[in-house]
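Some notes on the structure that comes next.
The values are calculated or read from the model by the stated rules, or taken from the named source; none is laboratory data. Because the structure is predicted, anything quoted here is derived from the model rather than measured. Quick reminder, even Gly has a Cβ in these numbers, built from the backbone with ideal geometry, and neighbours come from all protein chains shown.
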């Protein structure tokens, strides 16, 4: 086995093009394939930018290079110093003729699945070797798209004057009630992992007016589905002096902007995944809760007013509503305690969900901004206001009208990458059955 020594990368695979013909280069990568044709050996190397061909004619390279070929096997990590040669048959129209090869790592075993084949074992087996699974081109494409999506979201919010914040992930009381909490011992006290930054971001708008956060949330999900995780990434926004209709517009703008950026910057990745995306038209379609119940009734599905909508019910509308759309004006009883009821119809609150087909992407609404109203709402839900004293006392000093939303980054990625299982778009997913790797 060789050491790195003096070799340092000068080029990535996508930079090996005819324009640098006859240039001396150093590249690094993993050996994706080895093909031999008489005295010719072709190595296909993969790095973070793609593929590059290394062509070795045994009569035209140093003997040390020929000797190294005996050590190399697929999935070896290598460094190669050589000269670029233009050729139409190679990736990007150029290959490398090596003067030196360093074999940096040789695998002691091969993955139980082919990294460059379409047929794969189930996701659980691949997740057991997640770091190896991520060497496949498809997962690499997914996480490059996720990187661009994250950059785009941050860029959009920052450009609109929102300040990025970080709120605690160890909290003293539930944000949205006592369900789905992960308890932990915080020194000698009981604490919980945060379900949401909701109460903190509400407090922050009194000082900072416009805030957003991208961070983990933790929910002890009781059901195990292809769209639920115990640890997920949430994108949260809160703004003063606006209502739910205003932040709905902000939400559709950030979604549209992000999709446009992914389309512009991830053409190769989308092509590899065979995904055809389009920028959704604004404004997104919007339906009240009552209108959705009417659409379901037309499909012979009756929902009792006030009940939540199940995926099985919403799937019945997917042919009519396959893209992004809002469901707004939900029954107050079905939503979180901090959402503001309509002045003229207190049984309905100023709330919304953003859907994509039957998949919920986001929820949000106008918030209660008066302490006494918030205390009454907590009591109605059988919550002890004393447990929320740290939050309620902020309202003693005044709180502006405000609204916001949170959306699941991982669920948005399911839409962008056309994945049915949320675990495909998370590097190391956590659910009821998985705590490793």
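Tabulated data
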item	result
Residue identified as surrounded by fewer than 18 Cβ atoms within 10 Å (Cβ to Cβ) and part of a helix (DSSP H, G or I) among 271, 223	271
Matching entry among 374, 339, 296 (being farther than 26 Å from residue 201 by Cα and at pLDDT 95 or above)	296
Evaluation of residue 291 against (1) assigned to a helix (DSSP H, G or I); (2) surrounded by 15 or more Cβ atoms within 10 Å (Cβ to Cβ) (one fails), failing number	(2)
Subset of region 316-363 (residues that are on the phi > 0 side of the Ramachandran plot and under 20 Å from the mean Cα position of the chain (by Cα))	357
Matching residues in region 147-166 - criterion: being touching a strand residue (DSSP E or B) at 6+ places or on another chain (Cβ under 9 Å) and outside any loop (DSSP other than H, G, I, E, B)	150, 153, 154, 157, 158, 163, 164
Residue list for region 92-114, filter: under 26 Å from residue 66 (Cα atoms) and in contact with a helix residue (DSSP H, G or I) (Cβ under 9 Å, 6 or more places away or on another chain)	92, 93, 94, 98, 99, 100, 101, 102, 103
All strands (runs of 3 or more DSSP E) inside region 1-92 with 1 or more residues being in contact (Cβ under 8 Å) with a residue 40 or more places away in the chain, out of contact with any strand residue (DSSP E or B) (no Cβ under 7 Å at 6 or more places or on another chain) and within 30 Å of residue 269 (Cα to Cα)	50-57
Criterion: at positive phi, surrounded by fewer than 17 Cβ atoms within 10 Å (Cβ to Cβ), modelled with pLDDT of 95 or more and out of contact with any helix residue (DSSP H, G or I) (no Cβ under 8 Å at 6 or more places or on another chain) - qualifying residue of 161, 177	161
Given (1) touching a helix residue (DSSP H, G or I) at 6+ places or on another chain (Cβ under 6 Å); (2) not in a helix (DSSP H, G or I), number of the condition residue 258 does not satisfy	(2)
Residue in region 303-310 that is surrounded by 18 or more Cβ atoms within 10 Å (Cβ to Cβ) and in contact with a helix residue (DSSP H, G or I) (Cβ under 8 Å, 6 or more places away or on another chain) present	yes
Among (1) part of a helix (DSSP H, G or I); (2) surrounded by 13 or more Cβ atoms within 10 Å (Cβ to Cβ) - the single one residue 280 does not satisfy	(1)
Residues (loosely packed, with under 15 Cβ neighbours inside 10 Å and modelled with pLDDT under 95) located in region 1-17	1, 3, 4, 5, 6
Filtered residues of region 228-242 (kept if assigned to a loop (DSSP other than H, G, I, E, B), under 14 Å from the mean Cα position of the chain (by Cα) and crowded, with 20+ Cβ neighbours inside 10 Å)	229
So residue 323, is it over 18 Å from residue 250 (Cβ atoms), assigned by TED's automatic domain parsing to the domain that holds residue 207 and touching a helix residue (DSSP H, G or I) at 6+ places or on another chain (Cβ under 6 Å)	no
Any hit, region 133-149, residues being under 33 Å from the mean Cα position of the chain (by Cα), under 28 Å from residue 3 (Cβ atoms) and surrounded by fewer than 15 Cβ atoms within 10 Å (Cβ to Cβ)	no
Criterion (assigned by TED's automatic domain parsing to the domain that holds residue 21 and on the phi < 0 side of the Ramachandran plot) met by exactly one of 117, 85	85
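Okay, residues lined up against (1) more than 20 Å from residue 239 (Cα to Cα); (2) at pLDDT 95 or above; (3) buried (at least 21 other Cβ atoms within 10 Å of the Cβ):
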residue	(1), (2), (3)
388	yes, no, no
395	no, yes, no
399	no, yes, no
408	no, yes, yes
422	yes, yes, yes
436	yes, no, no
